[in-house]
Amino acid sequence: MDSVFNENNIILNGSFLNKNEAIVAVGKILVKQGYVTEKYIDAMLAREKIVSVYIGNNVAIPHGINGSQSEIVNSGISLIQVPAGVSFGENETAYIVIGIAGKGDEHMEYLQKIALVCSEIENVMKIKNATTKQEILEIFEEWYKLIFDLE
């Protein structure tokens with residue numbers, strides 16, 4: 001669990017002028033933690049140009065495009081809390097930006113399960129208002145159980 005998503009993968013109180021800055025920032029976390037190569041950030045930006053990574057409920061989930069799998073070294077997830085929000089389009093403000101890089105089938109699995117957790121606006125608001133990284137990790141505790149099928 002901790003190797004995919006941990007305190008080192010979270011930034012609190014992020015602030016960005018635009019969506020591209022936010023996408024690059026979650027990508028840089030993935031690079032720094034050894035999950036992806038620098039080229040994966042370009043693939044994340046390319047994905048946003050093709051189709052918005054904003055999923056609703058004030059959440060954006062940047063990830064790579066088809067063909068960028070070779071840039072993923074290990075599965076990883078990054079999260080930036082953006083209390084003031086960052087625009088991903090008209091009436092599309094993200095307070096939570098979550099970067100995903102999943103090896104093989106894990107990619108879609110992470111995407112689906114994070115989307116499920118973030119479909120609950122209560123969870124999004126708890127993450128938006130969290131004051132510690134540990135609070136965010138605790139919010140995702142059930143998500144961990146879902147992803148890793150733990151009892």
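The values are calculated or read from the model by the stated rules, or taken from the named source; none is laboratory data. Please read these numbers as outputs of a predicted model, since none were measured by experiment. Every residue, glycine among them, receives a Cβ derived from its backbone with ideal geometry; neighbour counts consider all protein chains shown. These accessible areas exclude ligands, DNA and RNA; they are computed on the full protein's heavy atoms, side chains included. Shrake-Rupley method; radii C 1.70, N 1.55, O 1.52, S 1.80 Å.
List the helices (runs of 4 or more DSSP H) inside the stretch 61-146, counting only whole elements, that have at least 2 residues being aliphatic (A, V, I, L, M) and over 14 Å from the mean Cα position of the chain (by Cα).
121-129
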Exercise. Output the number of residues of the stretch 84-103 satisfying the condition of being buried (at least 23 other Cβ atoms within 10 Å of the Cβ) and over 15 Å from Asn57 (Cα atoms).
Key: 3
Quiz prompt | Failed condition for Ser75, given (1) open to solvent by less than 10 Å² (accessible area, probe 1.4 Å); (2) small (Gly, Ala, Ser); (3) touching a Gly at 6+ places or on another chain (Cβ under 8 Å) | solution = (1)
Quiz prompt | Enumeration of residues in the stretch 104-126 that are open to solvent by less than 50 Å² (accessible area, probe 1.4 Å), of a type outside the set (A, V, I, L, M, F, W, C) and closer than 22 Å to Gly14 by Cα | solution = Asn123
Self-check item: Total residues in the stretch 17-53, condition aromatic (Phe, Trp, Tyr) and either open to solvent by 40 Å² or more (accessible area, probe 1.4 Å) or at pLDDT below 95 (or both)
Solution: 0
Exercise. Please give the number of the condition Asn129 fails out of (1) closer than 17 Å to Gly14 by Cβ; (2) of a type in the set (S, T, N, Q); (3) surrounded by 14 or more Cβ atoms within 10 Å (Cβ to Cβ).
Key: (3)
